Structure formats: structure tokens, C-alpha cells
Amino acid sequence: QAISCLCRSFEYSQKNAVLVPAAALGVGGMLLYWLRSGHKIKTIDMGDGWWGSGERPLKGKEDTSIRPFKIETSDKEIEDLHQRLDRFRFTPHVEGAAFHYGFNSTYLRKVVAYWRNQFDWRKQVEVLNKYPHFHTTIEGIDIHFIHVKPSYVPHGRAVRPLLLVHGWPGSFYEFYKIIPLLTEPAKHGLNEGDVVFEVICPSIPGYGFSEAPHQKEFDSIATARIFHKLMNRLGFKEYYIQGGDWGSRITTNMAQMLPQSVKGLHVNLVFIARQSLGRMICTMLGAYVPWLVGFTREDVRRFYPFMQKNVYDVLQESGYLHIQATKPDTAGCGLNDSPVGLAAYILEKFSTWTDKSFRHQDDGGLESKYSLDELLTNVMIYWVTSSIVPSMRYYKENFSKDPDLSLHNRVAVYVPTGIAAFPQEIVHVPRLCAKDVYKNIITYTYMPRGGHFAAFEEPKLLAQDIIQFVQKVEQL
């Protein structure tokens, strides 16, 4: 009997030896699946919207046609501009001020003289029209975009749709130098892989040739939804997306909204998440023992001294932000009436956001990176469309809901992500910090040079990084 009990006990323990681990494995698997499923389904609600004038029509479907569009100008338009430039009222600058007080008025006089006597807007319109432009109506407003397909696709190469999104005070024109590098990489010495792109580049509603929203609360979420609808209307189910400045925020929201549609997200600016106690400790330790918290030497070089680079420099460059996030129409109406005021307001950003040291130069270093024709073409896009006020309102609509732009960071990004960190960007965000939001970083590149307007300033560097990122994603 004793032997029989021992046998039954042994059999029971044997069953437990199998059942307990199996049960644990099953429960663990279910828990892991639940957690991973939770990550997958935690997205930003797509919702819907209406931004047209008046109430949304109760009946009738929206016109989903895609209509060819061409930028045109008139003699009357140019004549009016010249008359306003002729009435420019000069304000003497403070001696030795360079760009420390904002746009140097003596250099502004030179810019205005060039604009009035040498700048050829008709010629620049021809440049702008070299790519196909279109309009389509989404949520009650006309959305402008350019759509550029490769002229030749080598055998065996895959063509991938790529959405490029600009920011403020830029425009779709920022991408004119990078588009040929992406659509015809081999012609420009970028034939490192087997990927070429067809590029879709929209204007944010309220910017350039996209109609301004007629209703309040048009933010980056609404923009992300509209751009998803645009890509879907063009027949794309999966696509790559890229952005800087507001474009980074919009494309990040797109990845958070419909991750199944985004094959990969590439950004050249990361919005900083809300500071936590852990982040503060990490920041303090990083200055002394960076290896302990996961900072690289390059992070240390770009991130410290912390107060100087992340507080004082940011405060010095963000006065415009407070105005635009609170009462944009007051200053905006003045800028919309004065081409000189508009140029000074916009071009000052192309100085110090390209390189902080440019504020020490009388000409703001503007012509060291760009030509006056390029800079004034971007200004003219704002001028001829009267879009400076709605573009400034975009700050109020976003910041009034989310004062530190961290609300959406609670929804993590799980799509493959590439980050190009340019050394002269307004703030540097180490990979360690970016991982708080972007959970699947495939590439993080410390770019050797360049600032905020990456595609406009360093198109080849940015194109190389996008191509290398997409190659890695395609190999996953």
C-alpha cells in the first residue's frame, strides 16, 4: 500500500512538472499577447471634421475629384507688390546689433532693393510649375499638393510612395531640391539600393495654395486625418511619411492614427515630451556620467550646457511662438499688409534656425546657405496667397489644446522610425529620450551639418538618410 501511494504521488508530481510550466507558459503567453495587442490598438482616434464655410451640408457627397492646378500671376499682382516695396519706410538699426535684435534693417534694405529691382517672380512661377500641382476637396476645403513620379524606373526597382510634410514658416517649395534626389536617385549618385520614390508633397491647410480652415480648432490631428484621406484618395494603402517642424508633428500623428497604413516614419525634428522626475535625473547625470544613462559623446556635445542650449537659446528664439499661440491675428494682419514686414518676419527664421551663430552677422548669414531668389520665392508663396495669418493660427489651434505639445506622446509610435538629428536644430533630442515615444527606432543619425530647414539646406544629406532608412525597413 505504501508503495502504491508512492507511485501515485510520483505520477501526480510528474503531471505537475508538466502542467505547471505549461500553465505558466500559457498565462505568460496570453499576458504578452494582451500587452502587445494593447500597444497595437492604442491609437489616436481618426474622427472626422468639417472645415468649410458655414454648416456642413446634410446631404450630398463631397467632390472627391483630383483637379490639375497651375500657379499663375498677373501684372496687377506684381504692380501692387512693387508699389508697396517702393513705400518701404526704413528704420535705422542699432549699431553693432547684427541679428541680435531680429532682422537687421540695413541688410533688409538690400533685400528689398533686390526684391523690387532684380527678383523675377514670373520666372520663379515657372520653376514652381515644373512639378505637377493638384487640388482636391477634403472635409470642405481645397487641399493643394504636388505629385512627382520617377521619369524612369530601372528594372527590379520598387517605387514607394513618400509623403513629405513641411512646417512654418516654410512651404512645399522647401522640398524642390530633394524631390529629384528621391525620384531619380541614380542620376544623383544615390543608387545605393533598389528603392525609388514617387513623392506627394501637400500644403498644410492655411499654408500657401491649400485653402485655410473656416472653423476653429484645426490642429495637427485634423491635418493628419486629411493627409491620410489624401493618400487613400490617390490609391495608396501603405506609404512612407517624412516631416520636420510641424511636419514632424503631423506625420507622427499619422503614425499614431493609422499605423497599419504607415510603412515607415522619418523625421528630422522630435518634439520633446513632458519632463518627468526620471528624465530630470537622467539629464543631470548625463552631464557627468553619460555612459550610465545611455547618452553618447555626441549627445553630450549637443545637449550641454543644458540651461544654455535647452532653455536660454530656446527662449531667445521662441518669442514668435507665444504671439502665434495666443493672438496670431493681431500681428498677422500687419504682416499680411506689408511685404517688407512679412519678409523680415519669415527670413529672420531662416537665419538663426539654420545656424545660431548667424545672429552675430550683419546679414544673418542668409546668403551663405540660400540664394535670395530661393528665400523670396518662399516669402512670395505666403504673400500671393495671403496665408500668413492662417499659418500663424495653426500655433493657437495646437497649443490651446496641448500647451507643451506632449499630450499625443502618451500614444506611442510603433511603426519603424528613422530620426535625422541635425546639429543646428533648435533643440537636440538624444535617442534615449526619443525612445519614450518612438518605440521602434530603426535609424538614428547624427547628421554632420545642417539645421532646421533640412530639405532646403542639406537636401542630399537628408535624401541619403531617408533612402538608407527605407532600405532597412524593406529588409525587415
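The values are calculated or read from the model by the stated rules, or taken from the named source; none is laboratory data. Predicted model only: the values in this text are computed from it and were never measured. Neighbour counts are summed over all protein chains in view; Cβ atoms, including those assigned to glycine, are modelled from backbone coordinates with ideal geometry. Surface areas here come from the heavy atoms of the whole protein model, side chains and all, with no ligands, DNA or RNA. Shrake-Rupley method; radii C 1.70, N 1.55, O 1.52, S 1.80 Å.
Per q in 0.25, 0.26, 0.29 Å⁻¹, report the Debye log10 I(q)/I(0) for the range 285-351, using one uniform scatterer on each alpha carbon and no solvent. Each listed q maps to, in turn, -1.06, -1.10, -1.19. For the range 248-387, the Stokes-Einstein estimate of translational diffusion at 10 °C and a viscosity of 1.306 mPa s comes to 86 µm²/s, using the Kirkwood hydrodynamic radius over alpha-carbon pairs. Just to check, using Stokes-Einstein with a Kirkwood Rh over alpha carbon pairs, what's the diffusion coefficient of the range 42-171 at 37 °C and 0.692 mPa s in µm²/s? Value of D from the Cα-based Kirkwood radius: 162 µm²/s. Diffusion coefficient (Stokes-Einstein, Kirkwood radius over C-alpha pairs, 10 °C, 1.306 mPa s) for the range 324-476: 89 µm²/s, rounded to a whole number.
Whenever you get a sec, line up Phe103, Phe295 from highest to lowest accessible area (probe 1.4 Å, protein heavy atoms).
Details: Phe103 35, Phe295 15 Å².
So the residues, ranked largest to smallest area, are Phe103, Phe295.
Put the Cα centre of the range 405-441 next to the Cα centre of the range 335-381 and the gap is 28 Å. Using a 1.4 Å probe and ignoring any ligands, DNA or RNA, find the accessible area of Phe90 and quote it in Å² to the nearest 10. Counting only protein heavy atoms, Phe90 exposes about 60 Å² to solvent.
Given 0.36 nm per residue, what is the gain on full extension from Asp75 to Val153 after removing their alpha carbon distance, in nm? Write out the running numbers ahead of the final one.
On the way: separation 78, 0.36 × 78 = 28.08 nm, distance 4.07 nm.
The Asp75-Val153 span can extend by a further 24.0 nm.
Distance between the 7 Å Cα→Cβ label points at His135 and Gln260: 3.4 nm. In the context of the full set of protein chains, residues of the chain present 48 Å² of accessible surface per residue (probe radius 1.4 Å, heavy atoms only).
Treat every Asp and Glu Cβ in the chain as -1 and every Lys and Arg Cβ as +1, leave all other atoms uncharged, and give the resulting dipole magnitude about the Cα centre to the nearest 20 debye.
1400
Taking 20 Å as the straight-line reach from the Cα of Lys309, the aspartates and glutamates in range (excluding those fewer than 8 positions away in the same chain) are Asp245, Glu298, Asp299, Glu317, Glu348, Asp355, Asp404, Glu425.
Leaving ligands, DNA and RNA out of it, report the carbon-plus-sulfur percent of the accessible area of the chain at a 1.4 Å probe. Before the final figure, lay out each step's value.
Details: 12830 of 22860 Å².
That share works out to 56 percent.
Quick check on the chain: helices-only [θ] at 222 nm, where DSSP H runs of length 4 and up contribute -39,500 (n - 2.57) each and the sum goes over total residues. Nearest 500, please. Mind dumping the intermediate values first?
Values: 20 runs with 216 residues, N = 476.
Result for the chain, helices only: -13500 deg cm²/dmol.
What pairs from Lys70/Lys327; Lys110/Lys401; Lys123/Lys460; Lys229/Lys472; Lys42/Lys327 go past 29 Å between their alpha carbons? Over 29 Å Cα-Cα: Lys70/Lys327; Lys110/Lys401; Lys42/Lys327. Compute, for Arg56, the solvent-accessible surface of its heavy atoms (probe 1.4 Å) with the complete set of protein chains present, and express it in square angstrom to the nearest 10. Surface open to solvent at Arg56 totals about 110 Å².
Listed highest first by mean packing, meaning other Cβ atoms within 10 Å per residue, what order do 253-265, 297-309 come in? Numbers along the way, then the final one.
Values: 253-265: 22.2, 297-309: 14.4.
Averaged packing, sorted descending, gives the order 253-265, 297-309.
When the Cα atoms of the chain are aligned to their principal axes, the ranges along those axes come out at 115, 60, 50 Å in descending order. Here the alpha carbons of the range 58-110 define both size measures, Rg and Dmax, at 21.6, 64 Å.
Applying the Kirkwood pairwise sum to the alpha-carbon positions of the range 141-208 produces a hydrodynamic radius of 12.8 angstrom.
Quick one: compute the contact order of the chain, relative version, from alpha carbon pairs under 8 angstrom and 6+ residues apart, as a percent. Write down the numbers at each step before the final one.
Working: 726 pairs, mean separation 89.9, N = 476.
RCO, the chain: 19 percent.
For Lys149, Lys110, give me the order by solvent-accessible area with a 1.4 Å probe, most accessible first, ignoring ligands, DNA and RNA. Numbers along the way, then the final one.
Details: Lys149 135, Lys110 105 Å².
Result of the area sort, largest leading: Lys149, Lys110.
Among Glu198, Glu139, the order of accessible area from largest down is Glu198, Glu139, computed with a 1.4 Å probe on protein heavy atoms. Taking all protein chains as they are arranged and a probe of 1.4 Å, the heavy atoms of Cys433 leave approximately 20 Å² accessible to solvent.
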